[in-house]
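What follows is a set of notes on a single structure, which appears directly below.
Throughout, read-outs are computed from the coordinates displayed, never taken from laboratory work. No experiment lies behind these values; they were computed from the predicted model shown. Don't worry about glycine lacking a Cβ; one is built from the backbone with ideal geometry, like all the others, and counts go over all protein chains shown.
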């Protein structure tokens, strides 16, 4: 960050390479829309560039700071989206369709095609089920089970207590289980 | 017991969904990286410009002098009020306290004296008990 603040153009490239994939993945999982996730990623990174001059080392980790900005930007978009939607069922339909239509590609193309397809189906089913969760629940589950952050880290990112995070994630897991476990057979988990 | 086993089973299945989702991360496309780096370059260029102007401040001349004076004083309205009070001070300084008494009697006609008393506006003589002239 200090090198970035000193105007080193290579520092920006390195920071982007290091943090951008995580920001994009988090925003995609919370929003369920690739184009919107890209916009959020660009905005979060822009805020990081602007922050570089005032960055105090040791006060916050860049990754934690970025997760917080990303989560807040996603929450803003979800709120805006809800205002625009006239019916809840419409919103669920759109989000589920978004996950199905422009979902991410598997990272490791070296695995057998059948396994990749099965994993892509499971991932799509999970993302569709995630889209049905309440916003904060969805964010907490994403950060806990997909980004694999600790509860205290999530509490810091979401500016809440560890107990609240535990409650959000366990509620989210219950809701996901209720939606997904009926599809075990068709997704090769029977 | 059976309920516990069911819960373990469903937890395991859920974990397989999470694993599959973790394996399918979206990969940032080149054009997104280019947009992000372009933003960084713009911000850095702006920072460099402001640092240069801080390091080499332009001499304060002409309209820049007026502008910086205006900024220091806090705007034209405050600057105007300040100038008016300064002028009033100079006038009182030259004319002496008798001028104020004259002015008071001219501005507030005899009919208004009750109103002045009502407002409890003190006479200027109260501030100057001795004849200073």
For B:33-42, A:159-168, ranked highest to lowest by mean beta-carbon neighbours within 10 Å, the order is B:33-42, A:159-168
Rounded to two decimals, the Debye log10 I(q)/I(0) of segment A:2-183 (Cα scatterers, no solvent) at q = 0.09, 0.11, 0.16 Å⁻¹ is -0.35, -0.52, -1.04
Quick calc: nm separation of the 7 Å Cα→Cβ label points for residue A:55 and residue B:49 -> 2.3
Unit-weight point scatterers at every alpha-carbon of segment A:1-71, Debye formula, q = 0.12, 0.22, 0.28 1/Å: log10 I(q)/I(0) is -0.30, -0.92, -1.30
Taking every residue of B:9-16, the Cβ atoms of other protein chains inside 10 Å of its Cβ average out to 5
Expressed as a whole number, the average count of other chain Cβ atoms within 10 Å around the Cβ atoms of B:31-38 is 6
Given a Förster distance of 41 Å, the FRET efficiency implied by the Cβ-Cβ spacing of residue A:14 and residue B:81, rounded to the nearest 0.05, works out to 0.15
By the mean-Cβ-within-10 Å protection proxy, highest first, A:8-14, A:169-175 rank as A:169-175, A:8-14
Expected integer from the mean partner chain Cβ neighbour count at 10 Å over A:40-53 is 4
Taking A:65, A:55, B:76 and counting other beta carbon atoms within 10 angstrom, the fewest-first order is B:76, A:55, A:65
With R₀ set to 56 angstrom, the calculated FRET efficiency between the beta-carbons of residue A:62 and residue B:90, to the nearest 0.05, is 0.40
